[in-house]
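**Q** What follows is a single structure, and I will ask about it in a moment.
The values are calculated or read from the model by the stated rules, or taken from the named source; none is laboratory data. Every value quoted in this text rests on a predicted model; they were computed, and no experiment measured them. With ideal geometry, Cβ positions are generated from the backbone for all residues, glycine too; neighbour counts draw on all protein chains shown.
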Amino acid sequence: MPATVAEGSRRIRAAVRWGVGRPLTVEAVDLAAPREGEVEVRVEASGVCGSDVHQIQGEYHLPLPCVLGHEGAGVVARVGPGCPGIAAGEHVVLLWRSPCGHCPYCLAGRPALCDHAAGIRQKGVMPDGTSRLSAGGRMVHHFLGVSSWAEYAVVPAASVVPIPREVPLPYAALVGCAVVTGVGAAWNAANLRPAQSVAVFGCGGVGLNILQGAALAGAHPIVAVDAQPAKEALATTFGATHFVDGRRADAVEAVRSLTGGGAEVAFEAVGLPVLMETALAATRKGGVTVLVGVAPEGASARFDPQVLVQQEKTIRGCIYGSAQPARDIPRILGLFTAGKLRLRELVSSRRPLGDINEAIAEMRTGTVARVVIDTQR
């Protein structure tokens, strides 16, 4: 256990990002006790997500220094005042889009659009405007309100969803981002129906979960498109009925052929503007293109308005699976425990916290689904 450095505070190991282009350093930082409406979680596992990699590469401009990581699960260690219904010892999944619960978006069942939560993420602080993290007397920012590449994390109480103890935490961690984003995109944003044709561009952690969300919804055919041919077996495991090598010059035509004229619903799950354009081209008349991948800041994609009008195509954005996490995460885990949804197969490798830079390099290869960090190792 980390040594206590002051009453209410804890010294922990965490992966700190100090600047653009610099490797992360795993070092001792101080974590203050949870305040009103906050909980402290002993993080047991945390995934390495594309959003973390984008931040490391300088594609998102969020405050530095910060402790990265936003896809995690663990055990509640301490509970601050004003957190009814949460108890120490509970197993929880961490949420990187913490809802306030009372704004118009939250009340309408669209917590992913909560403006209050957006402010927390952009400023790198807790809801009261301050950070619980510091190093050498210097403030360290939170990443997306979570900072799970650490032994412990203090998060808003609304950022934890209790889960059954029998769910292994390394698998549960992935539900907090990749799984709820991908499955949610299929279920909530696209509202897929049986026998609808689907194309998924990008078979990383999110894309694989769009595939299995589509399969669970009864979609058919389900075409996976990826520039890594080695992903074919994995895509098939998660529900793809066909696979197209994204490097092919005729990839769009291949999708159209397999779906009888174009996918009724096409998903882009990488965040590349050119791939968004490709997904739209592979969508049939009257179909929907769902943009799930988050593009770098300042990026833009080009669409011909005539195509949208004359072919009645729709472009739909989807953040965090358009999910209601308190509803969708228990549903997802229920399907997992029933043997109907895959989580184990998402874990390509597991590494200790000290190997964080190697884990990031592994994710950058584009050949793996998810690397999981065992944050207590």
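**Q** Being under 20 Å from Glu36 (Cβ atoms), of a type in the set (Ser, Thr, Tyr) and touching a Cys at 6+ places or on another chain (Cβ under 9 Å) is the filter here, so list the residues in the stretch 78-130 that pass it.
**A** Residue satisfying the conditions is Ser98 alone.
**Q** Still on this structure: Tell me, which strands (runs of 3 or more DSSP E) lie completely within the stretch 1-90 with 3 or more residues that are small (Gly, Ala, Ser)?
**A** Working: elements: 10-17, 25-31, 38-47, 71-79.
Fully inside the stretch 1-90 and qualifying: 38-47, 71-79.
**Q** OK, next. Checking Thr25 against (1) under 15 Å from Val154 (Cα atoms); (2) over 20 Å from the mean Cα position of the chain (by Cα); (3) among the hydroxyl-bearing types (Ser, Thr, Tyr): exactly one of these is not met. Which one?
**A** Condition not satisfied by Thr25: (1).
**Q** So is Ser147 on the phi > 0 side of the Ramachandran plot, of a type in the set (S, T, N, Q) and crowded, with 23+ Cβ neighbours inside 10 Å or not?
**A** Details: on the phi > 0 side of the Ramachandran plot: yes; of a type in the set (S, T, N, Q): yes; crowded, with 23+ Cβ neighbours inside 10 Å: yes.
Taking the combined requirement at face value, the residue satisfies it.
**Q** OK, next. Quick check, is Gly321 among the small types (Gly, Ala, Ser), more than 21 Å from Leu94 (Cα to Cα) and either modelled with pLDDT of 95 or more or surrounded by 16 or more Cβ atoms within 10 Å (Cβ to Cβ) (or both)?
**A** Numbers: among the small types (Gly, Ala, Ser): yes; more than 21 Å from Leu94 (Cα to Cα): no; either modelled with pLDDT of 95 or more or surrounded by 16 or more Cβ atoms within 10 Å (Cβ to Cβ) (or both): yes.
Criteria not met by Gly321.
**Q** Need the failing condition index for Gly89 against (1) touching a residue at least 40 places away in the same chain (Cβ under 8 Å); (2) at positive phi, just the number.
**A** With respect to (1) touching a residue at least 40 places away in the same chain (Cβ under 8 Å); (2) at positive phi, Gly89 is out only on (1).
**Q** Before we move on, is Glu90 at pLDDT 95 or above, surrounded by fewer than 20 Cβ atoms within 10 Å (Cβ to Cβ) and of a type in the set (Asp, Glu)?
**A** Details: at pLDDT 95 or above: yes; surrounded by fewer than 20 Cβ atoms within 10 Å (Cβ to Cβ): yes; of a type in the set (Asp, Glu): yes.
Yes, satisfied.
**Q** Counting just the residues of the stretch 156-192 that are surrounded by fewer than 24 Cβ atoms within 10 Å (Cβ to Cβ) and of a type in the set (Val, Ile, Thr), which one comes out nearest to the chain's Cα centre (by Cα)?
**A** Among those residues, the one meeting the criterion is Val161.
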